[in-house]
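Working notes for the structure below.
The values are calculated or read from the model by the stated rules, or taken from the named source; none is laboratory data. Computed from a predicted structure; not experimentally measured. Neighbour counts run over all protein chains shown; Cβ positions are idealised from the backbone, glycine included.
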Amino acid sequence: AQSVTQLGSHVSVSEGALVLLRCNYSSSVPPYLFWYVQYPNQGLQLLLKYTSAATLVKGINGFEAEFKKSETSFHLTKPSAHMSDAAEYFCAVSDRGTNAGKSTFGDGTTLTVKP
Amino acid sequence: ETGVTQSPTHLIKTRGQQVTLRCSSQSGHNTVSWYQQALGQGPQFIFQYYREEENGRGNFPPRFSGLQFPNYSSELNVNALELDDSALYLCASSLGGVVDNEQFFGPGTRLTVL
C-alpha cells in the first residue's frame, strides 16, 4: 500500500525567505508524485507532478520539487516566499500510468508567510 | 472550457439521514473521483467512476455509493449518516485511459452531520 508523510503540519516563513515543505512517500514501485495547494474554502489546485521524466520538476507560481528515490522524498521548495503563498499544501502519490484519480494524500502542511 | 462544479456548496443533515452530492466533470473528461476531506486532514479516496462503471474504491463502507451518468456527471450518495461523515467532499475529473493524466478538483461540498 502507498502512503505519504508530510513532516511538519505547520511551517512559518518570512516574506522573501526560502520555502521548504517536506514529503516522504512509501511505495513498492516508483510512483507518480504530486503537490497540490488548497486555499480556504476552495478545491485543490495542482502545483506540479513527477511522472518519471526529469527528477527536478518545475511547477506553477515559482515552486519546484525534486524526486529523490534513494531518500523516498519529494520535497517542495520556492526560493522566495510571497504573501499569496499562504495556504494548505498537500503531497500525493498514485500508481504509475493512468491513475492520477486514485491518489493517496498526506495530511497537509499549512504555510504561513509573515510580512 | 468549463471547470469542475459541485452542488450544493453546503449541507446540514442529521444522523441517520441520507444525502446526495453532485459533481459535473470538466468538459471532455470521462472519469470522476470522489474524496472525503475531514477537518485538518488530507483528502481520502472514496471511489472512482470511469465511463459509468466503478473503477476502484477506497476503504469506505457500502453506505457510500455512487453513480456516473452518460454525460459523465456523477453523484455521491451516503446512507445512514454518522457524525464522522461531517467533512468536505471533493470530486475531481480526469481523462481516463490517458498516460500521465491529471485530475482537476471542484470546490467541494461541505457536509455537516448533527
I'm checking my understanding of the structure. Among residues of region A:57-87 that are of a type in the set (D, E, K, R) and buried (at least 18 other Cβ atoms within 10 Å of the Cβ), which one is nearest to the other protein chains (Cβ to nearest Cβ)? A:Asp85
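Is it true that some residue in region A:69-79 is part of a loop (DSSP other than H, G, I, E, B) and over 21 Å from B:Tyr89 (Cβ atoms)? Before the answer, list the steps.
Filtering region A:69-79 for residues part of a loop (DSSP other than H, G, I, E, B) gives A:72, A:79.
With the extra rule that they be over 21 Å from B:Tyr89 (Cβ atoms), the set shrinks to A:72, A:79.
Yes - at least one qualifying residue is present in region A:69-79.
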Read through the list (1) free of Cβ contacts under 8 Å to residues at least 60 places away in the same chain; (2) charged (D, E, K, R); (3) in a loop (DSSP other than H, G, I, E, B), then give the number of the only condition that B:Asp84 fails. (3)
Step by step: first the residues of region A:88-115, then only those that are of a type in the set (Val, Ile, Thr) and assigned to a strand (DSSP E or B), then the one that is farthest from the other protein chains (Cβ to nearest Cβ). Which residue is that? A:Val113
Starting from residues that are hydroxyl-bearing (Ser, Thr, Tyr) and within 15 Å of the chain's Cα centre (by Cα), keep the ones in region A:49-86 and report whichever is modelled with the highest pLDDT. A:Thr77
Look through region A:21-55, keep the residues that are more than 26 Å from B:Thr5 (Cα to Cα), surrounded by 13 or more Cβ atoms within 10 Å (Cβ to Cβ) and of a type in the set (A, V, I, L, M, F, W, C), and return whichever of them is nearest to the other protein chains (Cβ to nearest Cβ). A:Cys23
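If you take the residues of region B:53-72 that are away from chain A (no Cβ under 14 Å) and in contact with a strand residue (DSSP E or B) (Cβ under 9 Å, 6 or more places away or on another chain), which of them is surrounded by the fewest Cβ atoms within 10 Å (Cβ to Cβ)? Talk me through it step by step, then tell me what you get.
Step one: list which residues in region B:53-72 are away from chain A (no Cβ under 14 Å), which gives B:61-65, B:67, B:69-71.
If we keep only those that are in contact with a strand residue (DSSP E or B) (Cβ under 9 Å, 6 or more places away or on another chain) as well, we get B:63-65, B:67, B:69, B:71.
On the way: B:Arg63: 13, B:Phe64: 18, B:Ser65: 16, B:Leu67: 15, B:Phe69: 14, B:Asn71: 8.
That would be B:Asn71.
This table checks each residue for (1) part of a strand (DSSP E or B); (2) under 24 Å from A:Gln45 (Cα atoms); (3) out of contact with any Gly (no Cβ under 6 Å at 6 or more places or on another chain); (4) modelled with pLDDT under 95.
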{"residue": "B:Phe60", "(1), (2), (3), (4)": "no, no, yes, no"}
{"residue": "B:Leu67", "(1), (2), (3), (4)": "yes, no, yes, no"}
{"residue": "B:Leu76", "(1), (2), (3), (4)": "yes, yes, no, no"}
{"residue": "B:Ser93", "(1), (2), (3), (4)": "yes, yes, yes, yes"}
{"residue": "B:Gly96", "(1), (2), (3), (4)": "no, yes, yes, yes"}
{"residue": "B:Asp100", "(1), (2), (3), (4)": "no, yes, yes, yes"}
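On the given criteria, is B:Ser33 more than 9 Å from every other protein chain (Cβ to nearest Cβ), of a type in the set (Gly, Ala, Ser) and out of contact with any Asp or Glu (no Cβ under 9 Å at 6 or more places or on another chain)? Full working, then the answer.
Numbers: more than 9 Å from every other protein chain (Cβ to nearest Cβ): no; of a type in the set (Gly, Ala, Ser): yes; out of contact with any Asp or Glu (no Cβ under 9 Å at 6 or more places or on another chain): yes.
So B:Ser33 does not fit the description; no.
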